[in-house]
1. Out of segment 58-78, which residues are buried (at least 24 other Cβ atoms within 10 Å of the Cβ) and either over 23 Å from residue 177 (Cα atoms) or touching a strand residue (DSSP E or B) at 6+ places or on another chain (Cβ under 6 Å) (or both)?
2. How about segment 179-205: which of its residues are surrounded by 23 or more Cβ atoms within 10 Å (Cβ to Cβ) and assigned to a loop (DSSP other than H, G, I, E, B)?
3. Search segment 116-137 for residues being over 15 Å from the mean Cα position of the chain (by Cα) and part of a helix (DSSP H, G or I), and hand back the single one that is nearest to residue 87 (Cα to Cα).
4. Just name the residue that is surrounded by the fewest Cβ atoms within 10 Å (Cβ to Cβ) out of those in segment 116-151 that are under 19 Å from residue 63 (Cβ atoms) and touching a helix residue (DSSP H, G or I) at 6+ places or on another chain (Cβ under 8 Å).
5. Need the failing condition index for residue 22 against (1) loosely packed, with under 15 Cβ neighbours inside 10 Å; (2) closer than 23 Å to residue 137 by Cβ; (3) touching a helix residue (DSSP H, G or I) at 6+ places or on another chain (Cβ under 8 Å), just the number.
6. In segment 157-178, what count of residues is obtained for those that are modelled with pLDDT under 95 and surrounded by 19 or more Cβ atoms within 10 Å (Cβ to Cβ)?
7. Exactly one condition in (1) buried (at least 21 other Cβ atoms within 10 Å of the Cβ); (2) within 15 Å of the chain's Cα centre (by Cα); (3) closer than 23 Å to residue 207 by Cα is not met by residue 92; state its number.
8. Being within 14 Å of residue 22 (Cα to Cα) and assigned to a helix (DSSP H, G or I) is the filter here; which residues of segment 40-62 pass it?
């Protein structure tokens, strides 16, 4: 089978299994395609229940990207997974500062994580920003602190770090702090999930344009 045929078949299987697992329940049409793409990426149907969205999160994210918004990730894996060519069509770029020498040096001097410092570096950018966080809860906590201090006003925060320490708490703090978010509640998530959420919105934009 060709790649497109495999993907089409996969989405058909996802639709069938969702109907079996959650009879009589359907996702909000605004979020449906995004949820299915995350399930397609992870083969984990629990995301149907655990993905949480602020009001009109997908539409707001579409508008931000269409206006040339940049994206900041907390890992090079998430950055590499985002469709940069499609994003560039709208004037946006993807940034990840986690491996920057100045970030590593400052984090060591202060005794904090590079993820925290990289978010502070992002906050100094002049461009409007979407954050796609799939690994580090300290990145989410940094975003919340910067928002409360008036140093950062993100267009959207995708908060899907995976793990056991401070992950659930950081996600809850995010939802209580920033107005616009897409969060995977609980311990699950990952850089691949963060990238798939961004790509789901990008693909919808391209389809709408076409």
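The values are calculated or read from the model by the stated rules, or taken from the named source; none is laboratory data. Everything quoted here is computed from the prediction, not taken from an experiment. For neighbour counting, all protein chains shown are included, and Cβ atoms are generated from backbone atoms with ideal geometry for every residue, glycine included.
1. The answer is 61, 71, 72, 73, 74, 78.
2. 189
3. Let us first name the residues in segment 116-137 that are over 15 Å from the mean Cα position of the chain (by Cα), namely 116-118, 120-128.
Going one step further and asking which of them are part of a helix (DSSP H, G or I), we end up with 116-118, 120-123.
Values: 116: 25, 117: 25, 118: 21, 120: 23, 121: 22, 122: 18, 123: 20 Å.
Out of the qualifying residues, it is 122.
4. 128
5. Of the numbered conditions (1) loosely packed, with under 15 Cβ neighbours inside 10 Å; (2) closer than 23 Å to residue 137 by Cβ; (3) touching a helix residue (DSSP H, G or I) at 6+ places or on another chain (Cβ under 8 Å), the odd one out for residue 22 is (2).
6. Of the residues in that region, 0 qualify.
7. Against the list (1) buried (at least 21 other Cβ atoms within 10 Å of the Cβ); (2) within 15 Å of the chain's Cα centre (by Cα); (3) closer than 23 Å to residue 207 by Cα, residue 92 comes up short only on (2).
8. 47, 48, 49, 50
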